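The values are calculated or read from the model by the stated rules, or taken from the named source; none is laboratory data. Model, not experiment: these values are computed from the prediction. Positions of Cβ are backbone-derived with ideal geometry, glycine not excepted, and every protein chain shown enters the neighbour counts.
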Amino acid sequence: MKNLVLKNAQYVVTVNSTDEILRNATIVIENGIIVAINPSEIPDYEIFDASEHLIAPGLINTHTHLAMSLLRGWAEGVNLDGFLERVWAAEGAIMDKQTCQLGTELGAGEALLSGTTTTLDMYLHPDATHTGAVKVGLRHVCGPIFFDFPGLDGLEWSQRIAFAKRWPQVFKEIGGAQTPIFFMPHSVYTDSAEHLTEVAVLGLELGARVHLHVSETEAENQMSANTHGKTPTEVIRDTGILKLPTTYGHGVHLSDSDIAISLAHGASVAHCPGSNLKLGSGIADIKHYQESGLTVGLGTDGCSSSNDLDMWSVLRLAAHMVALKHSPKDVDLVKIIRAATIEGAKAVGLEKVVGSIEIGKEGDLIAIDLRALHLTPIHNVAALLVFAAGRSDVTDVWVAGDRVVKGGTLTKIDEAQLRRRVAERLVVLDSLS
Ligand SMILES: [Zn+2]
């Protein structure tokens, strides 16, 4: 189990410290761990013939709401405010615990099929979402969500805190591929400063990391200025949140002072160009962030604002947005690939585990079929990955050496049955539309 050889790969994009790209390389995985690259002897393990393939680390989606896959196409032609209004009504109608699991199975399946092996997923009922994602085989980073008001999960604040205290145990019992503990206060506009402080204190006690939305829109910054007289980044610094390693969802409108504060606290940004463009939230200047030293990962956001979980389109948009904001000469393709892999791993606290193809790391790998005409010829591998490859090119996916996608099909759940379950559950929405 979980012993395999990816043999004779046409290319291996390692994303190691020197961004080596190997030709005709062989990777050996034992008990889910990469133990050898180009060994002198090939062990008698299950063989994947990669001679027509490019092997890369699985992509890391650093900001999403997987269960919202159920609301794909539900809120169109609106800005963030209009979006939240429409989506929250639909969520109110359907998102019980079981449906959160169902939506996450759908999202996790889509993510894996497109070559994403890890997601940082913020949603209600994380016990249910985690159960769903683990069932499909995704490396699923999640955690308790915090709002001031009783959300759709009906939890009062004290119940949220009680659940968060139990979370490490609950999380462990569900199992799945290794991930850190996270706490997810939604944002500074849904959580009071007092409540954020409480989350920070508990998080420090339990060794949690934090994920929240930060400066997604100018309106959010304005609201924060009106309520707190501070930027969202200053609010999370002053409430103690930034004492914990923190990943910002979006981070579109960070001032230079916000960047300096974030950098001093080791915070990172999950850049979501697709969602930011679609909702008109703005263009995050990731070149400036990266040059300032901030860790920048990439994310899709949830499917109700980005419509799919396709990280390839995110890679492409991230590059286009740098060209637009600066110039085509400023687009560093290797940096874009790093953002989707090793930098994303850093942003979620998994850089020692995944994000690159190196001995000692877990085998989270994807195989891209190079026989497609749109991938022919190959003059520049980085350009191929950022500008030409797409999710339909991903044929096989492994998470910790476990083959979760085989020949373009999920191995752990029945896709047709999943589609039927989704259709049955969503009949309820007919009365809302
Ligand atoms: Zn979000």
Worksheet entry | Subset tally (residues that are in a loop (DSSP other than H, G, I, E, B) and closer than 20 Å to THR341 by Cβ) for the range 1-53 | 9
Worksheet item: Which condition number in (1) within 17 Å of VAL404 (Cβ to Cβ); (2) touching a Gly at 6+ places or on another chain (Cβ under 6 Å) is the one that GLY58 fails?
Response: (2)
Fill in: the range 343-373: number of residues that are part of a loop (DSSP other than H, G, I, E, B) and in contact (Cβ under 8 Å) with a residue 24 or more places away in the chain
16
Item to complete: Sort out which residues of the range 145-170 are part of a loop (DSSP other than H, G, I, E, B) and either over 23 Å from ALA93 (Cβ atoms) or among the aliphatic types (A, V, I, L, M) (or both), and write them in order of number.
Response: LEU152, LEU155
Worksheet item: If ALA133 satisfies every condition in (1) in contact (Cβ under 8 Å) with a residue 40 or more places away in the chain; (2) surrounded by fewer than 20 Cβ atoms within 10 Å (Cβ to Cβ) but one, which is the exception?
Response: (2)
Worksheet item: For the range 246-265, which residues satisfy the criterion of being among the small types (Gly, Ala, Ser), closer than 26 Å to LEU206 by Cα and more than 16 Å from the ligand (Cβ to nearest atom)?
Response: SER262, ALA264
Practice prompt. Filter the range 203-219 for residues that are more than 17 Å from the chain's Cα centre (by Cα), crowded, with 24+ Cβ neighbours inside 10 Å and either within 16 Å of the ligand (Cβ to nearest atom) or at pLDDT below 95 (or both) and give the result.
Written response: SER215
Discussion item. So, in the range 192-219, exactly how many residues are in contact with a Leu (Cβ under 8 Å, 6 or more places away or on another chain) and part of a loop (DSSP other than H, G, I, E, B)?
Written reply: 4
Item to complete: May I ask you to verify whether ILE60 is out of contact with any Phe, Trp or Tyr (no Cβ under 9 Å at 6 or more places or on another chain), outside any helix (DSSP H, G or I) and closer than 28 Å to PRO126 by Cβ?
Response: yes
Practice prompt. Evaluate the range 107-126: report whether one residue or more is closer than 24 Å to ARG391 by Cβ, among the polar types (S, T, N, Q), under 14 Å from the mean Cα position of the chain (by Cα) and assigned to a helix (DSSP H, G or I).
Written response: no
Worksheet item: Can you name the residue in the range 220-245 that is hydrophobic (A, V, I, L, M, F, W, C) and not in a loop (DSSP other than H, G, I, E, B) and is also farthest from the ligand (Cβ to nearest atom) among such residues?
Response: ALA225
Worksheet entry | Long-range neighbours under 9 Å by Cβ, at least six apart or interchain, first residue within 16 Å of VAL235 (Cβ to Cβ) within the range 256-285, second at pLDDT 95 or above and charged (D, E, K, R) | SER257/GLU234; ASP258/GLU234; ILE261/GLU234; ILE261/ARG237; SER262/ARG237; ALA264/ARG237; HIS265/ARG237; HIS265/LYS243
Worksheet item: Given the conditions (1) more than 16 Å from the ligand (Cβ to nearest atom); (2) buried (at least 24 other Cβ atoms within 10 Å of the Cβ), and given that GLY73 satisfies all but one, which numbered condition is not satisfied?
Response: (2)
Worksheet item: Quick check: anything in the range 318-326 part of a loop (DSSP other than H, G, I, E, B) and closer than 25 Å to PHE48 by Cα?
Response: no
Practice prompt. Quick one: GLU41 ticks every box in (1) buried (at least 18 other Cβ atoms within 10 Å of the Cβ); (2) over 30 Å from HIS211 (Cβ atoms) except a single one, so which number is it?
Written response: (1)
Item to complete: Can you confirm whether the range 103-114 contains a residue that is assigned by TED's automatic domain parsing to the domain that holds GLU343 and more than 28 Å from LEU365 (Cβ to Cβ)?
Response: no
Fill in: Of all residues in the range 288-310 being touching a residue at least 40 places away in the same chain (Cβ under 8 Å) and among the hydroxyl-bearing types (Ser, Thr, Tyr), the one that is farthest from the ligand (Cβ to nearest atom)
THR295
Worksheet item: Does GLY344 satisfy the criteria of being within 26 Å of LEU22 (Cα to Cα), in contact with a Gly (Cβ under 8 Å, 6 or more places away or on another chain) and within 16 Å of the ligand (Cβ to nearest atom)?
Response: yes
Worksheet, complete the sentence: Conditions (1) out of contact with any His (no Cβ under 9 Å at 6 or more places or on another chain); (2) crowded, with 24+ Cβ neighbours inside 10 Å -> PRO150 fails only (2)
Fill in: The one condition in (1) more than 27 Å from GLY240 (Cβ to Cβ); (2) within 15 Å of the ligand (Cβ to nearest atom) that ILE283 fails to fulfil
(2)
